[in-house]
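Here's the structure we're looking at; comments come further down.
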Amino acid sequence: MLGAMRPFFIGLACVWLALIGAGFVLFSHHERSYWIITAALPACLLEFSFYLASVLERTRKWIGRLQGPKMIASLLWVSALLPYLIFSLGAGTFRSGSFLSLAALCGILAYWYAVLPRHWLCDAGFLLFVAVPVAARLFGRIYLSPDPHIHLSIDILGHLAWIRLAIVALLALRGWQPGAFGIWPNGREWGLGAVYFLVAIVPLSFVATELEVYRFAPSHAPWWQVAGMAAAKFFGVLWVVALSEELFFRGVIERALLNSGSSPLLAILVSAVLYGCSHLWHSHFPNWQDALVTTVLGIACGMAYASTRSVRTPMVTHALTVLAALLFFR
């Protein structure tokens, strides 16, 4: 058992060291903001621990073997509320309305497949319910910072909790099989993900610049600063944004269409269009420019998924694209 959990403990140690270091660096610049150390840091340590346990296959399977789906759902529900309570009570930002809203949302998500049957209508409702709070930016109104002048997006706690609840509900309670899924691609997945990125980068750049979503403006910061920022951004996107979006749009929607006998082309296009539509709410509504750009990205990621049936392959394509946008466009 302990041997099987070794990747989790190694990953947890790395995450905790990084978070503790970042927390104390931030506190050193804001020495009067004790809530960074007493509230934000403990909440982040707990939430990232839960998140890591949910995205690693071995720990997620261990969670799935717990006694009964309702027991798993109950543990998921409680685990989503604990980081909020630790942060909000420690920082003095607790609001009963926010807590009840979070409890209601997370309760519905956690118990969805513990109560409802495995049916395509339930699956469609699940995906829609997962998308709505993110599109509506609800977590920014629930997780309140005591000092808005400090650039600390504390609502990341809500987003991480929401993602991991959806992952465990879908994979452990629903039993959905999205293909290979996890935080670390194998050699073939790295290579093919990079190939599809190279295939997509020219049309993506053309569409993005023509629609004036981005303009070409390479970074002129010192190389060491660019390298550090690029590494942090790449793995942050790979392990959170790409992991969740590629799971739901490629590992669920595209996979469901492929399983139903649809042609790969139709499956790729449908998942890409839906992926683009999910970005209509980005910055303003309707943001057709972002939706069109992300649809093109969705086609590239859909092709990457269809070639391997592994979620990790389009994760690489997705993360490399975001990295290129960061380094060469504004």
Go through the stretch 176-220 and report how many residues are exposed (fewer than 11 other Cβ atoms within 10 Å of the Cβ) and not charged (D, E, K, R).
6
Yes/no for V207 being part of a helix (DSSP H, G or I), β-branched (V, I, T) and touching a helix residue (DSSP H, G or I) at 6+ places or on another chain (Cβ under 6 Å):
yes
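Name the residues in the stretch 53-112 that are outside any helix (DSSP H, G or I) and closer than 22 Å to L138 by Cβ, would you?
First pass over the stretch 53-112, keeping only residues outside any helix (DSSP H, G or I): 56, 65-68, 92-95.
Passing the criteria: G92, T93, F94, R95.
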May I ask you to list the residues in the stretch 24-43 that are of a type in the set (A, V, I, L, M, F, W, C) and surrounded by 14 or more Cβ atoms within 10 Å (Cβ to Cβ)?
L26, F27, W35, I36, I37, A39, A40, L41, A43
So, A232, is that one part of a helix (DSSP H, G or I) and more than 20 Å from the chain's Cα centre (by Cα) or not?
no
Please find, within the stretch 227-272, the residue that is surrounded by the most Cβ atoms within 10 Å (Cβ to Cβ) out of those that are of a type in the set (S, T, N, Q), more than 18 Å from R174 (Cα to Cα) and at pLDDT 95 or above.
S271
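Residues being among the acidic types (D, E) and touching a Ser or Thr at 6+ places or on another chain (Cβ under 8 Å): count how many of those fall in the stretch 135-184. If you could, list the steps in order and put the result at the bottom.
Of the residues in the stretch 135-184, the ones among the acidic types (D, E) are 147, 155.
With the extra rule that they be touching a Ser or Thr at 6+ places or on another chain (Cβ under 8 Å), the set shrinks to 147.
Residues meeting the conditions: 1.
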In the stretch 92-119, what residues are over 17 Å from I72 (Cβ atoms) and under 23 Å from the mean Cα position of the chain (by Cα)?
S98, F99, S101, L102, A103, A104, L105
Residue in the stretch 170-187 that is touching a residue at least 12 places away in the same chain (Cβ under 8 Å), in a strand (DSSP E or B) and not assigned by TED's automatic domain parsing to the domain that holds E246 present:
yes
Quick check: anything in the stretch 293-315 within 25 Å of V226 (Cα to Cα), touching a Ser or Thr at 6+ places or on another chain (Cβ under 8 Å), in a helix (DSSP H, G or I) and of a type in the set (A, V, I, L, M, F, W, C)?
yes
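Can you confirm whether the stretch 240-258 contains a residue that is without any contact (Cβ under 8 Å) to a residue 40 or more places away in the chain and farther than 27 Å from G191 by Cα?
no
The values are calculated or read from the model by the stated rules, or taken from the named source; none is laboratory data. Computed from a predicted structure; not experimentally measured. Reconstructed Cβ throughout: ideal geometry from the backbone, glycine too, with neighbour counts over all protein chains shown.
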